[in-house]
Amino acid sequence: MPRVALVTGGTRGIGAAISKTLKTAGYKVAAAYHGNDEAAQKFKAETGIAVYKWDVSSFEACAAGVKQVEADLGPVDVLVNNAGITRDAQLHRMKPEQWTAVINTNLGSLFNMSRNVIEGMRARKFGRIINISSINGQKGQFGQTNYSASKAGEIGFTKALAQEGARLGITVNAVCPGYIATEMVKAMSQEVLETKVLPQIPIGRLGEPEEIARCVVFLAADDAGLITGSTLTANGGQYIA
């Protein structure tokens, strides 16, 4: 039987690439999203991947969403926590709601989602949890205290949960992308990309979403059972951890 993979933020950008690459690798995939109905329905039509809408910052919504996915596709074997937002501002100008929204969505969602699949994984003695963190959780970033804190927290969460699941066949790992050619990054002006961004990247180019997706497929595989509690840095040499 194909394993079931659930990808949050799975219909756009890096998440869409992860969902499609997992499907190509033979998984039954559910792609969760929250904000953009039009993009989600277009993604579903193009890929045939089932899409589900809920707010990952809500524990109750995650519980209901996971329950529906498992009713439709079967128990979740692979969870990819990819959903995330930014609300950038320097700390002295940051509003409490900007801090709370980012922490609850980016970091709180790891608890909300993982808590709702971990008991099943423990009972079946198999699971893969892959958290999409960020280079900015490793090195910090000006104007992103909220985002950097959330992404650094994902790495700590990964290391702790990896120890809890290790003897039960559950691996927990993080992937830290650098600058990836998503809509958000490509929306920057060409001048900014060429003068500010690319000079920081030793390989001289942006990463592609599919490159991050291949990292996830590797960590999700049955054969990756030795790797847990790890942070896979994928940034073209911009920051070497």
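The numbers here are math on the coordinates, done by the rules we state, and not lab data. All values reported here derive from a predicted model rather than from experimental measurement. Don't worry about glycine lacking a Cβ; one is built from the backbone with ideal geometry, like all the others, and counts go over all protein chains shown.
Between beta-carbons, use under 14 Å as the cut-off and find the net charge around residue 97, counting Lys and Arg +1, Asp and Glu -1. So the surrounding residues net to +2. Here the relative contact order of the chain, from alpha carbon pairs under 8 Å that lie six or more residues apart, stands at 20 percent.
Bin by bin, in steps of 10 Å, what percent of the Cα pairs in the range 121-215 do you find, going until the bin that has the longest distance? Bin by bin from 0 Å, the calculated values are 15, 36, 31, 14, 5, 0. In degrees between 0 and 90, to the nearest 10, how far off the longest principal axis of the chain does helix 37-47 point, with axes built from Cα atoms? Approximately 60 degrees, to the nearest 10.
Between 0 and 90 degrees, the angle of helix 13-24 with respect to the longest Cα principal axis of the chain falls at about 40 degrees.
Against the chain, whose longest principal axis is taken from its Cα atoms, helix 109-124 shows a tilt of about 30°. Each peptide in 106-119, 62-75 was scored by the mean count of other Cβ atoms within 10 Å over its residues; highest first, the order is 106-119, 62-75. By definition, a body whose alpha carbon gyration tensor gives a ≥ b ≥ c is rounded when a/c is under 1.5, and the chain falls into this rounded group. Modelled spin labels at residue 221 and residue 89, positioned 7 Å past Cα toward Cβ, are 4.5 nm from each other. Taking the chain as a Gaussian network of alpha-carbon nodes connected by springs under 10 Å, the highest mean-square fluctuation of the residues 45, 149, 162 belongs to 45. Build a GNM of the chain with springs between Cα atoms under 10 Å apart, and of 130, 180, 227 the one that fluctuates most is 227. Given axes a ≥ b ≥ c from the Cα gyration tensor, I'd like to know whether the range 1-93 is rounded (a/c under 1.5), prolate (a/b larger than b/c) or oblate. In terms of gyration-tensor shape, prolate.
Per residue, the Cα convex hull of the range 50-102 amounts to 91 Å³.
Prolate is the label for the range 56-143, because the ratio a/c of its alpha-carbon gyration tensor axes (a ≥ b ≥ c) is 1.5 or higher and a/b is greater than b/c.
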